[in-house]
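Remarks on the structure that follows.
The values are calculated or read from the model by the stated rules, or taken from the named source; none is laboratory data. Treat the numbers as computed from the prediction; the structure is a model and nothing was measured. Here the Cβ positions follow ideal geometry from the backbone for every residue, glycine too, while neighbour counts run over all protein chains shown. For accessibility, only protein heavy atoms count, side chains too; no ligands or nucleic acids. Shrake-Rupley method; radii C 1.70, N 1.55, O 1.52, S 1.80 Å.
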Amino acid sequence: MSGLTISIAADHRGFALKAAFTEWLKKQGHSPKDLGTSSEERCDAFDFASKLAKDMASGGTPFGILICGSGHAMAMTANRYKHIRAAHCCDVTMARLSREHNDANVLVIGADIIGSGVALDCLDIFLKTPFLGGRYAERRDRLTALGGL
């Protein structure tokens, strides 16, 4: 996939990695839509995960990236929204399977958990991996049917 507009948001602990991801996305021909934060000043991951989910719900972008210290706060918040399938990934296998088997549309990274090189590899694989469909589409549809915000 190339030429996508992709929402990206982080809290203060993910701010530096968000900057690296933004540059990488641009070099790959994508258009990152930066939803904040704009500094390393303490802020709440919940606010940025919610902002990204609402942006995607309004048709803003098909994919999103969320980054916080552990990745947990972002993933837990984003997955409260019925149209979000956020996958917290720590390696490329998790990133690949999240797309192939679950049609994940949001990649969540813990900036304090993995290094920037592995994080960029996860992003690359996440964006390149297609959803397999078939029996996995049934799984995705059942997940969506659970509802949420």
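Numbers below:
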| quantity | calculated |
| --- | --- |
| Scope region 51-76; condition among the hydroxyl-bearing types (Ser, Thr, Tyr) and over 18 Å from Arg99 (Cβ atoms); matching residues | Ser58, Ser70 |
| From Thr37, Thr77, residue being surrounded by 21 or more Cβ atoms within 10 Å (Cβ to Cβ) and in a loop (DSSP other than H, G, I, E, B) | Thr37 |
| Unmet criterion (only one of (1) more than 15 Å from Ile67 (Cβ to Cβ); (2) part of a loop (DSSP other than H, G, I, E, B); (3) open to solvent by 40 Å² or more (accessible area, probe 1.4 Å); (4) not hydrophobic (A, V, I, L, M, F, W, C)) for Asp112 | (1) |
| Whichever residue in region 1-24 is assigned to a helix (DSSP H, G or I) and in contact (Cβ under 8 Å) with a residue 60 or more places away in the chain and, among such residues, is most open to solvent (accessible area, probe 1.4 Å) | Arg13 |
| Region 131-140 - residue that is open to solvent by 80 Å² or more (accessible area, probe 1.4 Å) and not basic (Lys, Arg) and, of those, nearest to Leu25 (Cα to Cα) | Leu132 |
| Scan of region 121-130 for residues that are assigned to a helix (DSSP H, G or I) and crowded, with 17+ Cβ neighbours inside 10 Å, ordered by number | Cys122, Leu123, Ile125, Phe126, Leu127 |
